[in-house]
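Novice: Structure provided below as structure tokens; questions to follow.
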Amino acid sequence: MDPGGAAILESSLRSPYRLFELPLLLPLSAALSGRMNVIDHVRDMAAAGLHSNVRLLSSLLLTMSNNNPELFSPSQKYQLLVYHADSLFHDKEYRNAVSKYTMALQQKKALSKTSKVRPSTGNSASTPQSQCLPSEIEVKYKMAECYTMLKQDKDAIAILDGIPSRQRTPKINMMLANLYKKAGQERPSVTSYKEVLRQCPLALDAILGLLSLSVKGAEVASMTMNVIQTVPNLDWLSVWIKAYAFVHTGDNSRAINTICSLEKKSLLRDNVDLLGSLADLYFRAGDNKNSVLKFEQAQMLDPYLIKGMDVYGYLLAREGRLEDVENLGCRLFNISDQHAEPWVVSGCHSFYSKRYSRALYLGAKAIQLNSNSVQALLLKGAALRNMGRVQEAIIHFREAIRLAPCRLDCYEGLIECYLASNSIREAMVMANNVYKTLGANAQTLTLLATVCLEDPVTQEKAKTLLDKALTQRPDYIKAVVKKAELLSREQKYEDGIALLRNALANQSDCVLHRILGDFLVAVNEYQEAMDQYSIALSLDPNDQKSLEGMQKMEKEESPTDATQEEDVDDMEGSGEEGDLEGSDSEAAQWADQEQWFGMQ
């Protein structure tokens, strides 16, 4: 220890506060002895996660350096700028952080031109540790992160593109791949994902990225073959890749079967991610009942689950379970309000409560948090459509289709917009494209039939398409509803009743019960119609059409009741006269029969 340090320690021992001062004086003594400088302290605090402390100290030191350029060496100033920028990044001051990172890179560029590091006057001693400068590659990566947080993806791509390929780490390639994909640049995105897998063959998200860009499952699996063969307990990976290859090609049934086979294996049983994928696939396939069951199972296993809960909330809202939706939204907000899902769930509650302006706001907030949230785009698009802003809604549905080209509900929203604006030709073109792209299944057949029903010329084609859909899936609710709508136009009420009873044999749905009530009214089965309306309202207390049907029945008298009242009020009247009056009453009652059949 040098004489100065020894003198300080000796004086401290004589002090009445020496027990408290000694720990503070030892680092100072170490600094005076040349073992640490102030930059080392800043680095240690940054490594310890003391970001607020780093921010304050580095700010003061940078000001000192500006006032006296000779105080710190170029390498030390570079380090100060990087650590200061890191602390700003931690505080989410991204623009300020970018500014400081840029200054740091400029300082590093000047430093590289210097043949040797010049010693500083204020901190003459430096250790080998102080010469370990922050990586320039890491600084550029942090800048790219700032740009993505600021929604400046082009700037993020530009800064990462400037890094030579051989110097790119897996996380840099992963970020580049995601940015390229978002920008629609598929080829460089595929290249970057493959580079990630070359370095990290178990990077599953990179595998999903390749599959989403139409890379064949077999090609992706070949990139992981070595690790599967050499690492134990990875025999499931090839099946996992196969399952998600089916997911991204829109083959929902085979994807469901493959994931079910994985989920049944003892080692992967009750995996939350697999259950969430199953729930989403059932939803895409139109099997809402199983979708809800799988979401509930996943939620029980992980009470803090957020992913997929926006779809779950949407399904609950469709079923009229608005209280459950409200509770789900509150629970998700307690977990995190920085994800899109809580805002979407709350928006679904508002939408199905007919508060479209609030649903629009909540959908916009969700998109602000995650511009890739398909459910948020669909929510906002639906709210805009119901508010009469159809052209704006079309923009959102098109973006949802771009992000999720295999999700039928995205196309359904766009086609509904076309039909709302009487653009039947555009709707027909889109429905035919979906039919050809996603294949002839019950969902695409029903979607095409829905458009055909809008044109009197194509009514027979709609009937054929619906029959094919119901042959494939007799319980598909949307197909049943559209077939019932067609039968009501043809006044084939008995056929409609048989169709609806068959559909309700193994499931209970508010819309089907309500339409069955409408059909029963048409054939004078008033009591059973009232029962059907009651069941519909028990399933969805907010179903306005069921409520209107029940109220209308309560206001209007049935022919039997009218006859009984006539007998009481006019005991002396002839029976024939009473029959004539009853006939007149019945004729008046059914003069506006069409309004009973409000289809969704």
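Novice: Using +1 on the beta carbon of Lys and Arg, -1 on that of Asp and Glu, and nothing else charged, what's the dipole of region 30-113 about the Cα centre, debye to 20?
Specialist: The calculated dipole for region 30-113 is roughly 280 debye.
Novice: Sticking with this structure for a sec: With only Lys, Arg, Asp and Glu charged, each at its Cβ (+1 for the first two, -1 for the last two), find how big the charge dipole of region 307-371 is about the Cα centre; round to the nearest 20 debye.
Specialist: 180 debye
Novice: What net charge is computed for the residues neighbouring Gln507, neighbours being all others with C-beta under 9 Å from the C-beta of Gln507, Lys and Arg scored +1, Asp and Glu -1?
Specialist: -1
Novice: Still on this structure, please answer the following. I'd like the FRET efficiency for Lys552 and Arg254, computed as 1/(1 + (r/R0)^6) with the beta carbon distance as r and R0 of 51 Å, rounded to 0.05.
Specialist: Rounded to the nearest 0.05, the efficiency is 0.60.
Novice: In addition: How far apart, in nm, are the 7 Å Cα→Cβ label points at Leu293 and Gln185?
Specialist: For the pair Leu293/Gln185, the computed spacing is 4.7 nm.
Novice: Taking the alpha-carbon distance from Lys113 and a cut-off under 25 Å, which lysines remain once sequence neighbours fewer than 8 residues away in the same chain are dropped?
Specialist: Partners within reach: Lys77, Lys100, Lys140, Lys142.
Novice: Along Cα→Cβ, 7 Å out, is where each label goes; now give me the distance between the ones at Val231 and Ser336 in nm to one decimal.
Specialist: Distance between label points: 2.4 nm.
Novice: Take the cross-link list Lys294/Lys436; Lys108/Lys171; Lys92/Lys151; Lys492/Lys552; Lys354/Lys478 and give me the ones stretching past 18 Å between alpha-carbons.
Specialist: Lys294/Lys436; Lys108/Lys171; Lys492/Lys552; Lys354/Lys478
Novice: Then there's this: Provide the convex hull volume over Cα atoms per residue for region 433-479, in Å³.
Specialist: Per-residue hull volume (Cα only) is 60 Å³.
Novice: Moving on to the next point. Quick one: if you stick a label point 7 Å off each Cα along the C-beta vector at Leu111 and Asp44, how many nm between them?
Specialist: In this crude label model, Leu111 to Asp44 measures out at 2.0 nm.
Novice: Okay, next question. How far, in nm, would the chain grow between Thr169 and Asn67 when pulled straight, counting 0.36 nm per residue and subtracting the alpha carbon separation?
Specialist: Here the segment from Thr169 to Asn67 would lengthen by 32.9 nm.
Novice: Using Cα centres only, tell me the gap between region 160-208 and region 513-545 in whole Å.
Specialist: 56 Å
Novice: Quick check: residue separation of Lys151 and Glu494 times 0.36 nm, minus the Cα distance between them. What number comes out in nm?
Specialist: 117.7 nm
Novice: Which is farthest toward the positive dipole end of region 255-352 among Leu322, Leu274, Asn257, measuring Cα position about the Cα centre, with Cβ charges +1 (Lys, Arg) and -1 (Asp, Glu)?
Specialist: Asn257
Read-outs throughout are calculated quantities, based only on the coordinates presented, and are distinct from any laboratory measurement. The structure presented is a predicted model; accordingly, all values stated were derived computationally and were not measured. In this analysis, Cβ positions are derived from the backbone assuming ideal geometry, glycine residues included, and neighbour counts consider all displayed protein chains.
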